[in-house]
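Any read-out appearing in this document is the output of simple, stated calculations on the displayed coordinates, not a laboratory observation. Bear in mind the structure is a predicted one, so any value in this text is a computation, not a measurement. Neighbour counts run over all protein chains shown; Cβ positions are idealised from the backbone, glycine included.
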Ligand code: HEM
Ligand SMILES: Nc1ncnc2c1ncn2[C@@H]1O[C@H](COP(=O)(O)OP(=O)(O)OP(=O)(O)O)[C@@H](O)[C@H]1O
Ligand SMILES: Nc1ncnc2c1ncn2[C@@H]1O[C@H](COP(=O)(O)OP(=O)(O)OP(=O)(O)O)[C@@H](O)[C@H]1O
Ligand SMILES: [Mg+2]
Ligand SMILES: [Mg+2]
């Protein structure tokens, strides 16, 4: 799929999601809907459950209650859901021994996309000059950009980004904003957790602290 | 030493610092001076050497050329220099099996300070409610705050902070700004790398991209 | 290129790039084997008597050490999360990783074994069967080991815990592996033992990847 | 409280909190020892003949497995950087870590050894000397092991490389450790061997912490 | 001549020793020279490319 | 001292030495081989196997000398950070390992006819084997890291700690009574027949010169490798040089 194609129309939503981690309720009764081309910005103080929710959306963790829907159909099989999305978390899945290009090429091959977009992905995040540089030599921001470049190199309709602005300099921040805008213009969906910069203009905002269960709920629920 | 005491007057400076990593010159001919109560903000695009410079300042790495001075005297012994400073890098030195309080208490004991400030440190970073919470359950931002709380729990005149704003919510960002201001008011010094937020008003700024070596210097050397 | 071959190729490529790796497994095998004559004394009869057992134990311990890191690196750098999200069967991914592990550690170990057998004065009749038994046995070792490695993922002191889980499961391989060699030395048919080893490998290849995949999914959660 | 005691207390505290740890070292020791009768066969004379050697080899391998992580965790979570910045002698810090390692793995191993000796049919005369030799030998094992662990810190496949570096250096401990037990069994004086073990411990305690400290400082750089 | 190759009955021990030594020494020399040559070529290439670059 | 730390100066001297070392090596081999194989008499006890000694003792000597050189250079590298010292150690290690293997194998090939066994666990053989493992460990360690500088330093520390083994190898025949031959040179009077001494010394000289000649080639090669690496990195650096601030 080239960058100019658009994604099939799809919506991603969650109903009445509740998550307990280690015996403690993180959020309860949370719902959201992301339309085609939509964006959802997760906000909330530290510990309000942004990371937890993103991993839930990726199918890496299961909700204690509630369910996720893809174009209205409940998601049962987390393995199949993986095909819809790219998840970029705090850990960057980069092999230090491989070069920048090799790192990208592996994931593209692994996800079964053709590798025509690798060059463009490196350009989008200012990595073209570093293409044959071993990843171990990258600085914190350069590494993070390499992780983000996977979004462009191997397209998928839903992007789940956990604090994608971390460690990025101003120029890369601009590149990220542009990439997200282009993705949405093609009908892609974006969910991102952020404390600061506004990376997805016009997107909906989900304030997670609103879904923190009341104290009583935590206590009786077990 | 209580929080109200002031530090001995000291300055921290570097002369003509040059650093090569993995055979490649990162910066050359860099100098700085931080007066008592001063702050230095390291800025520069990704890969310009901010982290490298902070580790150099901590004595964890040695410069290829140039030297560091403490109150005008050249630093020869990195072990003794450790006593002057707290370094908070990307890795947070937190033991997941210990509670928040135990984590702080160990470092305070290890650095030979008395533990009267632990409570105050937890309060400063909004951790008091989490004091007996095992650190493995903390969210990204909460963990980072626990790392930062060491600054208050075990005072030292020089703080070296690598992107301390990462993962912090607005409220914690305010707490960090206040803590830095209070430290400087006591005669403490702060060096911090940052892409965004202004955490040390009135501090000097060092733009690292200015010290990138010219091409020729790299080629002839060795 | 399918996900399976992509992953297998990556792991082999990584092993080649870090060329010291399979070399160090072989080295551990060699050193552990060499330690025995020190502990036991150099008398040829005693050595020959225990040679087959020592070789197998050393091979198991060498495999164990290298297993420690089959999944740890991918787990710690976040690759595992991404591997889980490819929309395909995780079991197949596990097989790719196990195959890569076997190719980079099991095979060098097999190649090395006759040399170590000389050191331990194994009678010449045993060589062929030793190699055959290792060829049949080491895949099982990799498969069971991967299961153990997945189970202890993220636990503290994974390495030691892993041994605890996995070594008892290696006992059948050890028993039949040495029995085959001893049979060959004493002139008995070693076919039955070898077919038991093949059977064990079959059971392991059908059961272990499923368990490993489930354990990996738990670890990510 | 000085930095030394703070660090020692922390490591012991962590070991207690994660109580499975010293237990798993002992378990590995037990399993490795138990594997031998499977590999070698249950004949009492053969077992008794190799008992001392097998016990020592198993103890060394068990120690090795646990050594892998002496510094790794601190290195990976950034604690090592902070340990380097305390303004005091790093050598002392190393001694604290080694002491904690010995107390949590060496001591349980020593306590466990007579039980394993029974399994391997070690003649009764050897028990006392076995324990004595382990008391003198295990500190050396911890000290050399810590040096190896510091050297391989941050390398690829640390565990296997560690074995390659450290096992050869264990050979003298192994030789004299088993020689002492064998001497006791055959009614010869085991004093000379034990004093060599003590001498090795002395050399190790003076040299290794220095090398370890230097290696740790390099690792942080 | 016969006697020379016979080595007083120890031919099977003496000749392998000299053979191995020869292989080891020649091998060291050849492999060293080969890598040296290939690196020299690579370096020349790099320098040439560099001069051509802006 | 500092003069030797500068790669250019160091290589100027080394390159000047090279033809002499190489020439001497050829001459010494030309003299040593015929004498060792033909003209020297068989030993009255060991017969013609004594001809193994010329290779065995020469390799053993080289493996110990090279280890000493590695240890000394490692110390210089760690203390003064002389890059040349590091290159010396790194370039020497594989040669040391090969000479060590040669000493072990020739020893084994000598042991079979003399002692009736390829291998016995005596102190000298054991400590030589440990030396071999130290060489392997040194080589494995120095290329086990993503960052090659870190590998160099770790390996240097290992080399220094391992140097404890060298006196043990040398004195093992005196400290423990063993099968192995005692030292040739003891209290100044030679225990080896003078007729056997000449080829031995010629052979040791030839081996030593061979080492120095090849070492110089290897140093050139290592320096080139470093230059190539730097050139590669700086090419990347050009392209990725911090972009001008907007
Ligand atoms: C695998 C077996 C052997 C090994 C590892 C070995 C190792 C060594 C080493 C390391 C040295 C140098 C010692 C020094 O310079 O301090 C040496 C010297 C020597 N070896 Fe061996 N050796 C072996 C077998 C033999 C055998 C079988 C003989 C003869 C019967 C022999 C005869 C000698 C002699 C005559 C010297 C010179 C004596 C001296 O300068 O110390 N070696 N060997
Ligand atoms: N071991 C190494 N060998 C060679 N180059 C290295 C090595 N480590 C880092 N570098 C390079 O040094 C430069 C400086 O890295 P550093 O981490 O100090 O940057 P930084 O300013 O902190 O960047 P960021 O904002 O992304 O954190 C980078 O270009 C990086 O590629
Ligand atoms: N295994 C666990 N057991 C119990 N509680 C947990 C566990 N893991 C996380 N938590 C808690 O769940 C809450 C949500 O964590 P999460 O990481 O999702 O927060 P976040 O919104 O991403 O915060 P941040 O902005 O700091 O990254 C936190 O309060 C944390 O303490
Ligand atoms: Mg988070
Ligand atoms: Mg940085």
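Some points to look at:
- Closest approach to the axis - chain A beta-carbon, rotation onto B, Å: A:166, 3
- Annotation: the antiparallel percentage among DSSP beta bridges lying fully within the protein assembly as shown is about 50.
- Within a Gaussian network of chain D (alpha carbon springs, distance under 10 Å), most fluctuating of D:150, D:133, D:27: D:27
- Intensity falloff of segment D:1-140 expressed as log10 I(q)/I(0), Debye formula with alpha-carbon point scatterers, at q = 0.11, 0.16, 0.19 Å⁻¹: -0.48, -0.84, -1.05
- Spatially, segment A:130-147 and segment C:82-124 are offset by 31 Å when compared through their Cα centroids.
- Set the Cα radius of gyration of segment A:30-213 against 2.2 N^0.38 Å, with N its number of residues, and you get 1.01.
- Fraction of antiparallel bridges per DSSP, segment A:30-213 only, in percent to nearest 5: 15
- Working from Cα pairs under 8 Å separated by at least six residues, relative contact order for chain A is 31 percent.
- Taking other C-beta atoms within 10 angstrom as a stand-in for reagent exposure, E:10, C:127 fall in the order C:127, E:10, fewest first.
- Tilt relative to chain C, helix C:44-67 - C-alpha long axis, 0 to 90 degrees, to 10: 0
- The protein assembly as shown: calculated mean residue ellipticity at 222 nm from DSSP helix runs of at least 4, using -39500 (n - 2.57): -20500 deg cm²/dmol
- Among C:28, F:210, E:43, F:29, a tally of other beta-carbon atoms within 10 Å of each Cβ gives an order, fewest to most, of E:43, F:29, F:210, C:28.
- Relative contact order for chain D: 27 percent, from Cα pairs under 8 Å spaced at least 6 residues apart, divided by residue count.
- To the nearest ten degrees, helix D:20-40 and the longest principal axis of the Cα atoms of chain D are 30 degrees apart.
- Label 7 Å beyond Cα on the Cβ vector: residue A:197 copy-to-copy distances, nm: 1.5
- Label-point spacing at residue A:128 relative to the other copies reads 5.5 nm, in ascending order, each point sitting 7 Å out from Cα along Cα→Cβ.
- In terms of overall dimensions, the C-alpha atoms belonging to segment C:148-217 reach 48, 25, 10 Å along their principal axes, ordered largest to smallest.
- Annotation for segment F:65-110 versus segment A:44-94: alpha-carbon center distance of 55 Å.
- Label-point distances for residue D:118 to the equivalent site in the other copies, using a point 7 angstrom along Cα→C-beta, read 4.4 nm when ranked shortest first.
- For the protein assembly as shown, the convex hull drawn through the C-alpha positions has a volume of 188 cubic angstrom per residue.
- For segment F:112-179 and segment F:14-41, distance of Cα centres in Å: 28
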